[in-house]
Amino acid sequence: MSDSKDRSGAESLVQTLVDSGVDVCFANPGTSEMHFVAALDSNPEMRCVLGLFEGIVTGAADGYARMAGKPAVTLTHLGPGLGNGLANLHNAKKARTPVVNVVGDHATFHRKYDAPLTSDVEGIAKPVSGWVKVSQSADDVAGDGAQAVQAAMAPPGQVATLILPADTAWNRTTAAATPLPAQAPKAFLQDNVQEVAAALRTGKPSVILMNGVITEARAAWADQIAQATGARIVMDTFVGRVQRGAGRAEVQRLPYFGEQAAELLAGTEHLILVSTQPPITFFAYPDKPNWLTPEGCELHTLVERDEDIDGALAALVDELGASDTPARTVALDIPALPKGELSPGTLGTTLAHYFPDDAIVVDEGGTCGAGATFATRTVAPHDWLMLTGGSIGYGLPCATGAAVACPDRRVICLQGDGGGMYTNQALWTQAREKLDVTNIILANQKYSILQIEFSRVGAHNPGPKAMSMLDLSNPELNWVSLADGMGVPAWRVRTVEEFAAALQESFATKGPTLIEAML
């Protein structure tokens, strides 16, 4: 469509995004994006959040959309800028997060000269994007933007990348676009519901494996099914968001290590997939199984990723006659405050003791995070966001985006020290935006998971050179100094008592804080 208003292509795009409900832009722009920056400046309905590295921008967009249920837009500079943000776009892809990327490119008439920053932007975008398009003229930009939002929101959610050549941004246009309707999930198949119900009625050992957002309602339906059939309910090791805590049904998590996962699934005769795939190990290992479905186990699909998960679970509950069975929920149980040495276990228990209502936890705690995961099972209801794609450096940016999406909720970021060094610039954005984030750095001063994996892959016993590649103590990282340099108050703690005092002060403080927990 068109109207009589003359404006730049970039201005038409920003207005289309706002009209489509996308009103937050996480940005790290360059020269080719200056007209888009000018358009952001002239539109009061679009909030702009600056990240000092593209991995902050993309990770924040992931955290924002996981909590807001709608995409933010990212702004990055040509192929290299987009490339800097790929790791957290990979995590967003695996989390099924809706993200709209706007990537500036050289003007259409400049590409032929092979300038230093010329690259295959489409080729860089495709591995993490479900939808990619290059705007061809200023008249196309608004319509392309509406398509990008619709594509990002296509069930179950995906990354949509719009490449914006500089001249399509600065040229004038009277074109505009109305928002496109959101696509509903595909209908579930009633035949699948009946097949799964029949398998569950056999009474044979069964597991229902879930992915997608584990909402309070989905967990409750799953528990009703479990009570009616004796099936065990398990979620994948890493899912984008789980609503957990007191008053909610609990879903067991598939262990990370393949041997433990295989033990949990042993004896299963019916494995029912809910928006997921058959379980596999995170990596392949010499002489270890990587396919975790037990031999002889029958696989059944209740619902695919792009289908109606809620409808399928509710239909299965009805088919099994379990609608009137109340879901079993977790009772509120605040643990007593421990004393003495700070460890992953005592840190988790202390956090649970002081846990705020309706918090959001972003978990990139690595090997030190399990204590907090376990201890907070029975605290006040909260949301838990996980590292879905395994690409480290997600925690601090994701927490930043979640705090932008939910300014009235306390965000707690559990961040391993090694992973945190990938994207510590997020602290600066948290300070600039005055976000209520408690960053807990789990500082064991090493890549602990890699030390474990070194032996699991069958490599030789590590010598000094190999161990030095997994050690972070020479020189020692000092997160208090790093935080101070980016405007975030911080404390280093070594005991439960010191951690408890810092945690209370952090929760009472507006804006971001950081606690470096020496483990």
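In table form, for the structure just shown:
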| quantity | calculated |
| --- | --- |
| Qualifying residue in the stretch 86-107 (condition: modelled with pLDDT under 95, at negative phi and touching a Pro at 6+ places or on another chain (Cβ under 6 Å)) | yes |
| Members of the stretch 1-58 found to be among the polar types (S, T, N, Q) and within 22 Å of residue 147 (Cβ to Cβ), listed by number | 2, 8, 12, 15, 16, 20, 32, 43, 58 |
| Those residues of the stretch 172-206 which are closer than 26 Å to residue 9 by Cα, surrounded by 15 or more Cβ atoms within 10 Å (Cβ to Cβ) and aliphatic (A, V, I, L, M), in sequence order | 175, 176, 177, 180 |
| Test result for residue 408, closer than 20 Å to residue 219 by Cα, out of contact with any Phe, Trp or Tyr (no Cβ under 8 Å at 6 or more places or on another chain) and among the charged types (D, E, K, R) | no |
| Any hit, the stretch 192-211, residues being without any contact (Cβ under 8 Å) to a residue 40 or more places away in the chain and either in contact with a Ser or Thr (Cβ under 6 Å, 6 or more places away or on another chain) or aliphatic (A, V, I, L, M) (or both) | yes |
| Members of the stretch 259-303 that are buried (at least 18 other Cβ atoms within 10 Å of the Cβ), hydrophobic (A, V, I, L, M, F, W, C) and touching a residue at least 60 places away in the same chain (Cβ under 8 Å) | 271, 272, 273, 274, 302, 303 |
| Flag if residue 87 is among the small types (Gly, Ala, Ser), free of Cβ contacts under 8 Å to residues at least 60 places away in the same chain and surrounded by fewer than 24 Cβ atoms within 10 Å (Cβ to Cβ) | no |
| Residue count, the stretch 245-278 (criterion: within 28 Å of residue 381 (Cα to Cα) and part of a loop (DSSP other than H, G, I, E, B)) | 13 |
| Any hit, the stretch 163-171, residues being within 30 Å of residue 318 (Cα to Cα), of a type in the set (A, V, I, L, M) and crowded, with 19+ Cβ neighbours inside 10 Å | no |
| Qualifying residue in the stretch 238-258 (condition: more than 20 Å from residue 330 (Cβ to Cβ), in contact (Cβ under 8 Å) with a residue 40 or more places away in the chain, buried (at least 21 other Cβ atoms within 10 Å of the Cβ) and among the hydrophobic types (A, V, I, L, M, F, W, C)) | no |
| Test: residue 61 is closer than 27 Å to residue 424 by Cβ and buried (at least 24 other Cβ atoms within 10 Å of the Cβ) | yes |
| 2 or more residues among the small types (Gly, Ala, Ser): qualifying strands (runs of 3 or more DSSP E) within the stretch 1-104 | 2-8 |
| Hey, residue 125 surrounded by fewer than 18 Cβ atoms within 10 Å (Cβ to Cβ) and either in a loop (DSSP other than H, G, I, E, B) or modelled with pLDDT of 95 or more (or both) or not | no |
| Verdict on residue 400 being surrounded by 24 or more Cβ atoms within 10 Å (Cβ to Cβ) and among the polar types (S, T, N, Q) | yes |
| Residues satisfying the stated conditions in the stretch 484-502, i.e. in a strand (DSSP E or B) and surrounded by 17 or more Cβ atoms within 10 Å (Cβ to Cβ) | 490, 491, 492, 493 |
| Selection count, the stretch 466-519, where residues are in contact with a Pro (Cβ under 7 Å, 6 or more places away or on another chain) and more than 24 Å from residue 403 (Cβ to Cβ) | 2 |
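The values are calculated or read from the model by the stated rules, or taken from the named source; none is laboratory data. Please read these numbers as outputs of a predicted model, since none were measured by experiment. Because the Cβ atoms are built from the backbone with ideal geometry, glycine has one as well, and the counts that use them run over all protein chains shown.
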